[in-house]
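J.: Quick one: the structure is below, and I'll ask about it shortly.
No lab work stands behind these numbers, since they all come straight from the coordinates. Note that the structure is predicted; figures quoted are calculated from it, not measured. Reconstructed Cβ throughout: ideal geometry from the backbone, glycine too, with neighbour counts over all protein chains shown.
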Amino acid sequence: MKCFSSLIERCRSRVQKSAPELKTRSQPESSNPSQVSKSSGSSSLQRSIPELYEERAHNVRVFTYWELRNATNDFSRLLKLGEGGFGSVYKGLIKRSDGHGDRIVVAIKKLNKDGMQGHKQWLAEVQFLGVVEHPNLVKLIGYCAVDGERGIQRLLVYEFMPNKTLEDHLLNRIFPVLPWQTRLKIILGAAQGLAYLHEELEVQVIYRDFKSSNVLLDEDFNPKLSDFGLAREGPADGRTHVSTAVMGTYGYAAPEYVQTGHLTTKSDVYSFGVVLYEILTGRSSLDRKRPRPEQKLLEWVKRFPPESKRFSMIMDPRLEDQYSLNAARKIAKLAGSCLCKHAKERPLMSQVVESLKQAIEGLEDGNTIQESADSCETHLVDSDENSDPVGNSKSANRRMSHLARLGENFNVVGKRRFMIVQTAKVS
């Protein structure tokens, strides 16, 4: 059983084979300095994530492998919560740090043993989550690191999130539909978590893997960002970006990052724009099961601009019109700014947070699409009669007449269908 500090020392003695970019700010993933351009940025005197972790490591518990094995009933399949590219996640019960009281429910991630990439990302998660602290970021309770006869064992212990992920509730039909207000609450919290990483820490953090499946939900549907294995420190010493190997999830990664490997906080902003559209539509960024024109979400929504009359066609039908059309339009416009082709033109996450707050204002009144549509129709009909004191009555009479004509047409069609049916019976 090894403690984390001794593990780091041993990794250093192996010529820094694991996570070298986390050991020093002077060695980005690309060793070619010409690939990192200069600008007025943060000071070179700021501390790195490993340095900050050394200061706060006492807040993270160190578990034995035996403790976590017992906590999960020997990693029982019945307790498995999910499985990803970096390992399996189990539900477990552990003792409290003071040893008193009932055991607490946790999520335990057991990383795959194959290759050093898994260890590299495990190390990144320990260090980043050991430093950050925010209501919208998942809490790391502790870790386990063992090099024994059975090979390398790397485990992480997180707070348990009972309502699974945002992706589950948007795409999996076995879950109840997420109400409109809950969706806005979730996306606002996620935005605040990203803004904290980008702008409120001593060192800038680029999340690099923002997507709906990485947004966990607690018992009250408060969102918390998880899975920091791909996170990176932002550029320092006046640089504009970090040059790194392209990693992440197709459909969410910013195009300039995919093309050049240049990573900035604006890469996260792009990913956030994709999830905004997932919130509105209830669709995945990429769905091969849909008709070809609708498989790529961002290409499909372009056909329905926020200001167009057809915009409501992109909205998640499971909402059953129980949402604010005006707020939905504002969020779609915000998504468009986040998805701007030129990264510099995308907003900061702090600006995104403020835009979302403005879009959400007034929802306490319970406005739905029907009310918004009625107000729009009244405005269009009465636009030339604003000075007429009886304009509202005239417009109402026009609408009633129009509905009456529609009813008459419906009756005519119904009578024709009835006659056809009767004729068919006689013959």
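J.: Output the pairs from K139/K357; K309/K330; K109/K139; K164/K296 with a Cα-Cα distance over 21 Å in this structure; if there are none, say none.
T.: Pairs exceeding 21 Å: K139/K357; K164/K296.
J.: Of S267, S350, S213, how do they rank once you tally other Cβ atoms within 10 Å and put the fewest first?
T.: Fewest to most other Cβ atoms nearby, the residues stand as S350, S213, S267.
J.: Now for a separate question. In percent, how large is the relative contact order of region 57-103, given Cα pairs closer than 8 Å and 6 or more residues apart? Walk me through the numbers before you get to the answer.
T.: Working: 37 pairs, mean separation 13.5, N = 47.
In percent, rounded to a whole number, it is 29.
J.: How would K185, K113 line up from fewest to most surrounding beta-carbon atoms within 10 angstrom?
T.: Details: K185 17, K113 13.
Taking fewest neighbouring Cβ atoms as first place, the list is K113, K185.
J.: For a footprinting-style exposure proxy, rank V203, V89 by other Cβ within 10 Å, fewest first.
T.: The most exposed by this proxy come first: V203, V89.
J.: Hey, another quick one. Within a Cβ distance under 12 Å of A195, other residues only, what is the Lys/Arg minus Asp/Glu net charge?
T.: Neighbourhood net charge equals -3.
J.: Given the peptides 232-241, 119-128, arrange them by the average over their residues of other C-beta atoms within 10 Å, most packed first.
T.: Sorting 232-241, 119-128 by mean packing, highest first, produces 119-128, 232-241.
J.: Of the chymotrypsin sites (Phe, Trp or Tyr not before Pro) in region 218-308, which ones lie in a loop per DSSP and count no more than 10 other C-beta atoms within 10 Å?
T.: Y250
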